[in-house]
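A short worksheet on the structure shown next.
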Amino acid sequence: MKDFLQPEEVDVLEEAHRAAQQKRAADRIKTILLLNEGYSYETIAHILRFDDTTVRGYYQEYKKEGIDGLLEDHYQGSYGFLSADEEAKLTAHLRTHTYQTVKAIVSYVWTTYGRHYSIEGMTHLLHRLGFVYKKTKVIPGKLNREKQEAFKQTYAQLKETKGTNDRIYFLDACHPHHNNRPFYGWIVKGEEKAIKTNSGRERMNLNGALSLEDMQITVLSEPTINRHAQMRLLLTLEEKQPDGEIHIIVDNASYNYHYELQLFLQDHKRIHMHYLPAYSPNLNIIERLWRFFHEKMQNNYFERFAEFEQAVLTFFQDINQYNDELKTLLTDSFQTLPR
């Protein structure tokens, strides 16, 4: 009988167990999880202090009705479940209205449909309907979706028509601070985990270029990011790529339009600048590289800025060690922002 549950079923049961407020409900859930782990009816009965007939009964309830049947008397109440039509309407409502607590959704369902759910029952229902509890995402309020779609089409055409030796590079800057920040992680319940940090505000100025075709990553450390830093990066790319056209995708920072940079481009005919629509970080793939870098470095403490600086530079010098992770992360499957 071991491993009869699908991974998503285990996730739902684990979540329901964490939310269980009554011992009987928790025991029913533990019974199914223990059976899935390969324990016998007799062993589970001994562990949970009831007879093996009860264990078999719980299994049959779950097999026949799923978790709804297993926990029915613990969260259905006297008002019954939502119908399939009501569940569909609730799903549509929750897609457009974001509640911060399960309690608020319980109140909405009671007011709207006259159905009473406990916190435990509503938590399970939300999981079954495909909802998870996670942080909302901030997106630029002024983004233009039509222009983003137009860029995607232009980019697809550029990929299709470019020559064999031509390369497309995504360019952007990053400014890592010599200062650790708190982050989420799995920590023993009831314990606190502290990380060391610095009080200074020193930071580095990294200017980077990413070519997806050959996973070429070029990162330069600069005193500041301006037109001169951009020209140095472009010259570096020219040296690395002696043949073919060089297509550069950049954002709308003012230095990317500076007249000195435009004069520079007139003397470097192989370089072609392509500008992203305003407020479109989701279209600049190198942003994913910067996030990856921050995740890998966030748990490291460096007492002196010089040590931090060297560690950052070493990270990018040895970036090939992360090739397997980067191949799946750095793709031009552009993220679609929610409306």
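Okay, here's what the table says:
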read-out: Residue list for region 132-157, filter: at pLDDT 85 or above and either open to solvent by less than 100 Å² (accessible area, probe 1.4 Å) or part of a loop (DSSP other than H, G, I, E, B) (or both); value: 148, 149, 150, 151, 152, 154, 155, 156
read-out: When residues of region 196-215 are limited to those that are surrounded by 15 or more Cβ atoms within 10 Å (Cβ to Cβ) and among the polar types (S, T, N, Q), the one modelled with the lowest pLDDT; value: 198
read-out: Selection status of residue 326, buried (at least 16 other Cβ atoms within 10 Å of the Cβ) and in a helix (DSSP H, G or I); value: yes
read-out: Any hit, region 244-262, residues being open to solvent by 70 Å² or more (accessible area, probe 1.4 Å) and in contact (Cβ under 8 Å) with a residue 40 or more places away in the chain; value: no
read-out: Residues within region 103-126 that are open to solvent by 60 Å² or more (accessible area, probe 1.4 Å) and assigned to a helix (DSSP H, G or I), tallied; value: 6
read-out: Long-range neighbours under 7 Å by Cβ, at least six apart or interchain, first residue closer than 22 Å to residue 196 by Cβ and open to solvent by less than 80 Å² (accessible area, probe 1.4 Å) within region 279-305, second of a type in the set (A, V, I, L, M, F, W, C) and not in a helix (DSSP H, G or I); value: 298/183
read-out: Candidate set: region 19-58, residues that are of a type in the set (Ser, Thr, Tyr) and open to solvent by 30 Å² or more (accessible area, probe 1.4 Å); chosen: the one nearest to residue 117 (Cα to Cα); value: 54
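The values are calculated or read from the model by the stated rules, or taken from the named source; none is laboratory data. All values reported here derive from a predicted model rather than from experimental measurement. When we count neighbours, we look across all protein chains shown, and the Cβ atoms used for this are built from the backbone with ideal geometry, even at glycine. Each accessible area value is taken on the protein alone, full model and side chains, heavy atoms only, with ligands, DNA and RNA left out. Shrake-Rupley method; radii C 1.70, N 1.55, O 1.52, S 1.80 Å.
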